[in-house]
Amino acid sequence: MARRRKVYEGKAKILFEGPEPGTLVQYFKDDATAFNNEKKGVITGKGVLNNRISEYIMLRLNEVGIPTHFVRRLNMREQLIREVEIIPVELIVRNIAAGSMTKRLGIPEGTALPRSIVEFCYKSDELGDPLVTEEHITAFGWATPPEIDDMMALGLRINDVLFGLFAGVGIRLVDFKIEFGRLYNEEEVRTVLADEISPDSCRLWDSGSNEKLDKDRFRQDMSGVAEAYQEVARRLGILPEGGPRDMKGPAVMQ
Ligand code: UDP
């Protein structure tokens with residue numbers, strides 16, 4: 001295979017130069033991190049599953065008119081995406097209290113929220129992605145007021161679509177994190193969904209038992225991390241051809 005130029009390497013993904021200008025190849029690794037990089041490990045087969053799951057979700061969102069960076073999946077671990085300028089703000093949408101919200105506000109895990117709640121965090125590994133308000137975002141120029149409106153509106157629409165999609169396969173969408181990018185097209189700039197949506201970035205609980213089917217299993221040293229990701233893919237009907245045997249694993253090493 002021809003050597004490609006690496007554009008960026010993050011914790012769970014690598015971006016390579018794409019085949020045409022304005023495109024990139026997004027490669028999904030098996031590496032997992034938590035607690036701002038304090039915990040590191042490998043979830044064998046995770047990259048293959050997240051590539052599939054994120055593809056599936058981006059396609060469903062595209063079908064209902066939500067703009068994304070996704071073009072097409074290329075192979076087991078790679079997808080072609082449009083190059084965007086990442087907005088340095090993460091959007092978290094919550095339906096049920098969990099994670100940092102339970103700690104910050106003392107709400108017991110599992111409490112249904114009175115309505116979906118949107119939060120913004122500033123993307124900074126050094127600072128641990130702190131929660132910020134619209135005031136910070138506009139004052140420091142991380143995003144413009146129209147971009148904040150786009151992110152809020154798209155985030156809530158994405159939540160509606162995904163909440164229904166997961167409910168249909170017996171999964172509760174507790175919360176999720178998304179990132180947006182600026183897609184430059186001639187004179188126009190559009191806010192589009194970027195990055196990935198997968199069990200790395202969502203909290204997903206089985207509707208009946210509340211069993212965790214996401215990265216919290218890794219964060220909390222629970223067994224069956226890779227199996228949980230596989231279960232999400234299986235329920236969505238998208239296990240790789242040949243089933244899990246197409247992947248190495250499952251196994252969790254730390
Ligand atoms: N999340 C993420 N990346 C981060 C922080 C959070 O994907 O750097 C996801 C996380 O998996 C969960 C949601 O965002 O689905 C809300 O996370 P929370 O703020 O509760 O933080 P956590 O407790 O995961 O640190």
Given the criterion within 11 Å of the ligand (Cβ to nearest atom), under 28 Å from GLN26 (Cβ atoms) and modelled with pLDDT of 95 or more, identify the matching residue among VAL189, VAL174.
VAL174
Contact list please: Cβ distance under 7 Å, first residue in region 211-223 and within 11 Å of LYS46 (Cβ to Cβ), second residue part of a helix (DSSP H, G or I) and more than 11 Å from the ligand (Cβ to nearest atom), pairs at least six apart or on different chains.
PHE218/VAL225
Could you tell me which residue of region 163-180 is surrounded by the most Cβ atoms within 10 Å (Cβ to Cβ), considering only residues that are in a helix (DSSP H, G or I) and touching a residue at least 12 places away in the same chain (Cβ under 8 Å)?
PHE166
Kindly check whether there is at least one residue in region 125-135 that is over 30 Å from TRP205 (Cα atoms) and buried (at least 17 other Cβ atoms within 10 Å of the Cβ).
no
Check region 153-162 and report whether any residue there is in a helix (DSSP H, G or I), away from the ligand (no atom under 12 Å from the Cβ), in contact with a Lys or Arg (Cβ under 9 Å, 6 or more places away or on another chain) and farther than 20 Å from ILE53 by Cβ.
no
In this structure, is GLU90 out of contact with any strand residue (DSSP E or B) (no Cβ under 8 Å at 6 or more places or on another chain) and either more than 28 Å from GLU20 (Cβ to Cβ) or buried (at least 17 other Cβ atoms within 10 Å of the Cβ) (or both)?
no
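Listed here are the residues, each with its yes/no results for (1) at pLDDT below 95; (2) over 19 Å from ALA233 (Cβ atoms); (3) more than 17 Å from the chain's Cα centre (by Cα).
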site: MET1; (1), (2), (3): yes, yes, yes
site: ARG5; (1), (2), (3): no, yes, yes
site: LEU15; (1), (2), (3): no, yes, no
site: GLY18; (1), (2), (3): no, yes, yes
site: VAL25; (1), (2), (3): no, yes, no
site: ASP31; (1), (2), (3): no, no, no
site: VAL42; (1), (2), (3): no, no, yes
site: LYS46; (1), (2), (3): no, no, no
site: ARG52; (1), (2), (3): no, no, no
Of all residues in region 204-243 being basic (Lys, Arg) and assigned to a helix (DSSP H, G or I), which is surrounded by the most Cβ atoms within 10 Å (Cβ to Cβ)?
ARG217
Restricting region 100-146 to residues that are among the acidic types (Asp, Glu) and within 11 Å of the ligand (Cβ to nearest atom), which is nearest to ASP160 (Cα to Cα)?
GLU119
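Table: residues versus (1) closer than 27 Å to ALA112 by Cβ; (2) in contact with a His (Cβ under 6 Å, 6 or more places away or on another chain); (3) modelled with pLDDT of 95 or more.
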residue	(1), (2), (3)
THR144	no, no, yes
GLU179	yes, no, yes
PHE218	yes, no, yes
PRO244	no, no, no
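The values are calculated or read from the model by the stated rules, or taken from the named source; none is laboratory data. The structure presented is a predicted model; accordingly, all values stated were derived computationally and were not measured. Because the Cβ atoms are built from the backbone with ideal geometry, glycine has one as well, and the counts that use them run over all protein chains shown.
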